[in-house]
Amino acid sequence: MRSTDLARAVGLVAVMFISRGTAEETRFIDLSLLVAPEYPCTWPEGFPTFRMETVASVGRDGDYNVDTLIIDGNTGTQLDVPAHSVARPELKLPHSSPMGNEFTEKVAAWKFCGEACVVDVPDLVEAGGKGTSALVKLDRVKQWEEKHRPAGAGDVVLFRSGYSDRFYQPLPEGRRFVADPLERKAIAWPDPDPETMDYLASHGVMHIGTDSPTMGAMPNLGEPIHFAALKYGAVLTEGATNLESLPKTGAFYCLLSPKHEGGPYGEARSFAIVGGDLPAWLIDAARKRQVADLSVTMSIDLPLTWPGAGAGRHRHRYTKTDFLWSDNLQLYHHGHIFDAHAGTHLVPPSYALPPEPLPAAAAAPETRAWLEEFEKEFGPRGTSRVTTEQVPIAQTCGWMRVVDVRHLVGTVGRDRWPASPLVTVEELERFEAQHGPIKPGEIVVLRTGHTDRFFLPRAAGAACLSDPVNGKSEGWPALDAKAIAWLAEKKVRCVATDAPTIGGVDPRAALRAYWMLGTKNMVAVDFLTNLGAVPEKAYLLFAAIKIRGCHGGPGRAIAVY
């Protein structure tokens, strides 16, 4: 692999882990572009450029590393859904259909995954002209089918040219990725033509991908190529990378994108699983459409963002930003500004830890007392530089052990608010006595029922976050620091919850939980929902957007069963 710098290496290296219980090595392969300001991750024609602002750091700034993201759906590796090119039915346009209402929050979760069918087209990278794309013709797909098998329902057809591997580089060299072809200074990326897309989607392929920056050939076939597949209800992966690491068939492929309300596209994370028994099990379940969406919807009307106690302590609210009118769809292109822990998100080890040891005086007096107490009980608080892009996808995917803790709701007296019921070691031991031991690599998921009850729009949504944080109601059940240490001993590397945070609403208890998670190099997935749809045997797939240096990260969680 060619590597120009550390960021390039982080962006393209495949991540490998051994899955328990298989004779053959199971590998997770990251197929996503690194999102960072100096990379060509944003579409350069009128779209807001990606930005991340760190607004607080561990120390006198506060207890957590807090980031605000400015990002739109056409950033890095991305998902396109039918509403990208199909107009809403009520508009009565020539390209209107019910598929025009299928935005990112309404797409069925089974469309995100399936068996990867990799069609090699590297010979087409240099076959176009300046500002012009070479086209993948239908005969290329039919040749692949003759050699392997017909493509159909449950498959994800991926066109591998190697374009992103060659040209996704830091700027200014990275202008070769999109900007130079748009200015007709360089040969444009290859893509399948409309006939090829129509053929695949009409034969039941509901997910098609490319390692080009867009599924749209230059200079003028962008919309026809999109529409040819999206009119059938298909979804698209754009801007994948590292596809050469996949076999031609047999890999389980998945693309996960935050659940933006009204989003015709979305920033995404692409990965594959190969080797061992796991890919075949996942592929079979996906073909049967046995996939549940566990993510909350991202909307300005919903309680997504930490409100803080009192006034002036809130994080950046989830904000929708319109910026460019689309005549053919009669809607605005839009991006979002939000705290990196809004909605369903990743908590990396560095969230509550400093990158290097800090003197006690660096913390606020109250925090200093809590830290002294923590270190007396558990030993030194750790340090971490592990931000979102460094968390292996394998760490946030695994067999689910759903611990039902709904019986703890209502057990904290009003005189103790703001406080959350704590899920203790004893609670987890009772779970094991009834359901069997928790095993290494499993993901322990707390079912609190909180989002199912309180994730509501507008004023009613105060019951989800604002009221418990401000002591007007009991907090959601949260994981105790001792319980996290106990799980770490069992080699559990990820925990999750269907509540806004794994740490709860009591500031001291929450900090202890996050210090322990980071010190043990564990991660958390917060703000799940719909756990009642998950049977006992289910596999969690979660991935956050691959944002360099981020101390959180929006993502999407699904369960395959």
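Just a yes or no: is a residue in region 150-159 loosely packed, with under 15 Cβ neighbours inside 10 Å, without any contact (Cβ under 8 Å) to a residue 60 or more places away in the chain and in the same structural domain as THR77 (by TED's automatic domain parsing)?
yes
Against the condition over 30 Å from THR26 (Cα atoms) and surrounded by fewer than 13 Cβ atoms within 10 Å (Cβ to Cβ), how does ARG458 come out, does it pass?
Details: over 30 Å from THR26 (Cα atoms): yes; surrounded by fewer than 13 Cβ atoms within 10 Å (Cβ to Cβ): yes.
Yes; evaluated as a whole, the condition is true for this residue.
Counting only residues that are in contact with a strand residue (DSSP E or B) (Cβ under 8 Å, 6 or more places away or on another chain) and part of a loop (DSSP other than H, G, I, E, B), which one in region 388-420 is farthest from ALA309 (Cα to Cα)?
At the first step, the residues of region 388-420 found to be in contact with a strand residue (DSSP E or B) (Cβ under 8 Å, 6 or more places away or on another chain) are 388-389, 391-406, 408, 420.
Retained after the next criterion (residues that are part of a loop (DSSP other than H, G, I, E, B)): 391-392, 405, 420.
Working: VAL391: 30, PRO392: 33, VAL405: 25, SER420: 15 Å.
Filtering first and then ranking leaves PRO392.
Return the residue satisfying two criteria in turn: it lies in region 344-360 and is in contact with an Asp or Glu (Cβ under 7 Å, 6 or more places away or on another chain) and assigned to a strand (DSSP E or B), and of such residues it is nearest to GLY503 (Cα to Cα).
The qualifying residue nearest to GLY503 (Cα to Cα) is VAL347.
Whether any residue in region 472-481 is surrounded by 20 or more Cβ atoms within 10 Å (Cβ to Cβ) and of a type in the set (Lys, Arg) is what I want to check.
Looking only at region 472-481, we keep the residues that are surrounded by 20 or more Cβ atoms within 10 Å (Cβ to Cβ), and these are 474-481.
From what is left, the residues that are of a type in the set (Lys, Arg) are none.
Within region 472-481 (the criterion being surrounded by 20 or more Cβ atoms within 10 Å (Cβ to Cβ) and of a type in the set (Lys, Arg)), the answer is no, since none of the residues qualifies.
Select from region 436-464 the residues that are within 25 Å of CYS397 (Cβ to Cβ), touching an Asp or Glu at 6+ places or on another chain (Cβ under 8 Å) and not hydroxyl-bearing (Ser, Thr, Tyr) and list them in ascending order.
Going residue by residue through region 436-464, those that are within 25 Å of CYS397 (Cβ to Cβ) are 436-452, 455.
Okay, now just the ones that are also touching an Asp or Glu at 6+ places or on another chain (Cβ under 8 Å), so 438, 445-452.
Hits for region 436-464 are ILE438, VAL445, LEU446, ARG447, GLY449, HIS450, ASP452.
Looking only at residues that are of a type in the set (A, V, I, L, M) and farther than 17 Å from MET99 by Cβ in region 233-269, which one is surrounded by the most Cβ atoms within 10 Å (Cβ to Cβ)? Explain how you work it out, then say what you get.
Step one: list which residues in region 233-269 are of a type in the set (A, V, I, L, M), which gives 234-236, 240, 243, 246, 251, 255-256, 268.
Then keep just the ones that are farther than 17 Å from MET99 by Cβ; that gives 240, 243, 246, 251, 255-256, 268.
Details: ALA240: 28, LEU243: 28, LEU246: 21, ALA251: 27, LEU255: 29, LEU256: 28, ALA268: 31.
Per the criteria, the residue is ALA268.
I'm trying to understand the selection: among the residues of region 120-132, which are under 30 Å from the mean Cα position of the chain (by Cα) and either crowded, with 21+ Cβ neighbours inside 10 Å or not in a strand (DSSP E or B) (or both)?
Initial filter on region 120-132 (under 30 Å from the mean Cα position of the chain (by Cα)): 120-122, 125.
Result: VAL121, PRO122, VAL125.
Specify which of the listed residues (THR297, THR321) is under 28 Å from LEU33 (Cβ atoms), in contact (Cβ under 8 Å) with a residue 24 or more places away in the chain and surrounded by fewer than 16 Cβ atoms within 10 Å (Cβ to Cβ). I'd like the intermediate steps shown before the answer.
Values: THR297 fails: surrounded by fewer than 16 Cβ atoms within 10 Å (Cβ to Cβ).
Of the residues listed, the single one that is under 28 Å from LEU33 (Cβ atoms), in contact (Cβ under 8 Å) with a residue 24 or more places away in the chain and surrounded by fewer than 16 Cβ atoms within 10 Å (Cβ to Cβ) is THR321.
Return a yes/no flag: does region 511-525 have any residue that is closer than 21 Å to THR297 by Cβ, touching a helix residue (DSSP H, G or I) at 6+ places or on another chain (Cβ under 7 Å) and not acidic (Asp, Glu). Let's see the steps before the verdict.
Pass one, region 511-525, residues closer than 21 Å to THR297 by Cβ: 524-525.
Remaining after also requiring touching a helix residue (DSSP H, G or I) at 6+ places or on another chain (Cβ under 7 Å): 524-525.
Filter once more, keeping what is not acidic (Asp, Glu): 524-525.
Yes: region 511-525 contains one or more residues that are closer than 21 Å to THR297 by Cβ, touching a helix residue (DSSP H, G or I) at 6+ places or on another chain (Cβ under 7 Å) and not acidic (Asp, Glu).
Are there any pairs, at least 6 apart or on different chains, whose C-beta atoms fall under 9 Å, with the first in region 403-415 and assigned by TED's automatic domain parsing to the domain that holds CYS464 and surrounded by 11 or more Cβ atoms within 10 Å (Cβ to Cβ) and the second among the small types (Gly, Ala, Ser) and modelled with pLDDT of 95 or more, and if so, which?
Close Cβ pairs (under 9 Å, with a partner that is among the small types (Gly, Ala, Ser) and modelled with pLDDT of 95 or more) amount to ASP404/GLY449; VAL405/GLY449; ARG406/GLY449; LEU408/SER420; VAL409/GLY449; VAL412/ALA419; VAL412/SER420; VAL412/GLY475.
The values are calculated or read from the model by the stated rules, or taken from the named source; none is laboratory data. Predicted model only: the values in this text are computed from it and were never measured. Neighbour counts are summed over all protein chains in view; Cβ atoms, including those assigned to glycine, are modelled from backbone coordinates with ideal geometry.
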